[in-house]
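Trainee: Before anything else, here's the structure in question.
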Amino acid sequence: MKQPAHLFVDISAHGFGHLAQAAPVLNTLSKRLPELRLTIRSGLPTDKLQARVMADFTHLQERSDFGYVMHDAVSLDLEATALAYRRQHADWDRLVDRDARLFRELQPNLVFSDVAYLPLAGAARAGIPSVSMCSLNWAELFAHFFAREKWAEAIHRQMLDAYASAECFLRATPGMAMADLPRLRPIGPLAALGNDCRKALRERLGSGKDERLVLIAFGGFEKELPIAAWPAIPGVRCLIPQAWQLTHPSVSDFEPLGLSIADVLRSVDAVLTKPGYGTFAEAACNGTPLLYLRREDWPEQDFLIDWLQTHGRCREISAGELLAGRLLPSLEALWRQAAPPIPTPSGAEDAAAVLLPWLGVSTRQA
């Protein structure tokens, strides 16, 4: 009896954006291949994975990358990040060997990474094909921040060699240039589409029909905002993570509402966030206006902002306005913008078409 195909998936835990990219692809694959065996390695909690990935999977709860050490949602700790990269690459061969042994043991048909490079190097050493996917890659960001450091060249070469060992790199739209990576294959936007639950959302909140709802979501990173000291925002209620444990007349927690984050995002009047792929793509593809706080020296953000300015409604808010709770002028200007045509999140189908042959299915069969 033929064994079902086995896909090993590595999802970065640097925020929730990598999960937001990978999950639509995994859900599309599982619909095409109901018997597909999924092993997911990620430092994200299992319940966060289950909220996005609809298929059954085995979870290996560990990280194979760390991305960047963050002070908060928009501020990088470059000194700690440099130290972390130097420690990891001082042990590089052992780490690659460890992954190679894991893959020889599990024998997946394919290793699929968003966007760690270590599993790609391990798969190559084990003789197992791999594919990477993301809107960014750690090698390009590493070069942006550390290329002038004497110790960086060897690390950067190992990163590039690992990415180059993959069969291809699926560059999500919008995405960075990635001129140093071979075998780039552009794919469409990756985004979950929520259900329009505006009526149910307002009923559960006891919200009036004229009250505007704004989701505050910083993509899995903490962002300390002095919300408790904000003035009341007339006609606006903000939905925040329950973990913030804040009380304010214009604020409610969104988790007790019993709706998925995609449904909440689809059903609110605006979302307030930092530039990050997951929320930007999902806001555009769900037709939700977006207010953003720029990140400090994050090279991906200009690609995201430029794309969203064409395909969605967005507006920048300054740190001073945000800290003071002066949201209303920016929100009103945002809501006055004309809505462009909503983009189609075709990236999951694009990616699945590339991955299916490695899982024993021709695109004609699919």
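Here, each number is a calculation from the coordinates, and none is a lab measurement. The shown structure was predicted, so the numbers you read here are calculated from the model rather than taken from an experiment. No Cβ is skipped: glycine too gets one built from the backbone with ideal geometry, and neighbour counts run over all protein chains shown.
Trainee: Cα convex hull of the stretch 146-249: mean projected area in nm², to one decimal? Don't skip to the answer; put the middle values down first.
Mentor: Details: hull surface 46.1 nm².
It is 11.5 nm².
Trainee: Next question. For the stretch 1-126, what is one quarter of the convex hull surface built on the Cα atoms, given in nm²? Please list the in-between numbers first.
Mentor: Details: hull surface 33.1 nm².
So the mean shadow area of the Cα hull is 8.3 nm².
Trainee: I've got another one for you. What is the dipole size for the chain, taken about its Cα centre, with +1 at each Lys and Arg Cβ and -1 at each Asp and Glu Cβ, in debye to the nearest 20?
Mentor: Working: 38 positive and 42 negative charges, 151 e Å.
About 720 debye.
Trainee: Hey, of [x] 84, 50, 35; [y] 61, 53, 35; [z] 69, 44, 42, which did the structure itself give for Cα extents along the principal axes in Å when calculated?
Mentor: Calculated Cα extents along the principal axes in Å: the matching label is [y].
Trainee: Go ahead and run the numbers for FRET between ARG202 and ASP72, Cβ-Cβ distance against an R0 of 35 Å, rounding to 0.05.
Mentor: FRET efficiency, ARG202 to ASP72: 0.65.
Trainee: Give me the count of lysine pairs in the chain whose alpha carbons sit under 25 angstrom apart, restricted to pairs 8 or more positions apart or on different chains. Don't skip to the answer; put the middle values down first.
Mentor: On the way: LYS2/LYS31; LYS31/LYS48; LYS48/LYS223; LYS48/LYS274; LYS199/LYS209; LYS223/LYS274.
Close lysine pairs found across the chain: 6.
Trainee: Rounded to whole Å, give me the distance from the Cα center of the stretch 148-219 to that of the stretch 244-316.
Mentor: When both Cα centres are located, 12 Å separates them.
Trainee: May I pose another question? Taking springs between alpha-carbon atoms closer than 10 angstrom, which of ARG125, ARG87, ARG185 fluctuates most in the Gaussian network model of the chain?
Mentor: Largest GNM mean-square fluctuation: ARG87.
Trainee: If contacts are Cα pairs under 8 angstrom and at least 6 residues apart, what is the relative contact order of the chain in percent?
Mentor: Details: 690 pairs, mean separation 60.6, N = 366.
Once divided by the residue count of the chain, the mean separation gives 17 percent.
Trainee: Determine the relative contact order of the stretch 198-335: mean sequence separation of Cα pairs under 8 Å and six or more apart, normalised by residue count, in whole percent.
Mentor: 23
Trainee: Say the dipole of the stretch 198-335 comes from +1 at the beta carbon of Lys and Arg and -1 at that of Asp and Glu; which of SER318, LEU201, ASN286 then lies farthest toward its positive end?
Mentor: Positive-most Cα among the choices belongs to LEU201.
Trainee: Give me ILE342, ILE11, ILE240, ILE305 ranked fewest to most by other Cβ atoms within 10 Å of their Cβ, as a rough exposure proxy.
Mentor: ILE342, ILE305, ILE240, ILE11
Trainee: Would you look at the GNM of the chain, springs on alpha carbons closer than 10 Å, and say which of GLY15, GLY43, GLY258 moves the most?
Mentor: The residue that fluctuates most here is GLY258.
Trainee: For the stretch 288-366, what is one quarter of the convex hull surface built on the Cα atoms, given in nm²?
Mentor: Taking the Cα atoms of the stretch 288-366, their convex hull projects to 7.8 nm² on average.
Trainee: Still on this structure, I have one more. How large is log10 I(q)/I(0) at q = 0.14, 0.17, 0.20, 0.21 Å⁻¹ when the Debye formula is applied to the Cα atoms of the stretch 198-335, each weighted equally and without solvent?
Mentor: The calculated log intensity ratios at q = 0.14, 0.17, 0.20, 0.21 Å⁻¹ are -0.60, -0.91, -1.30, -1.45.
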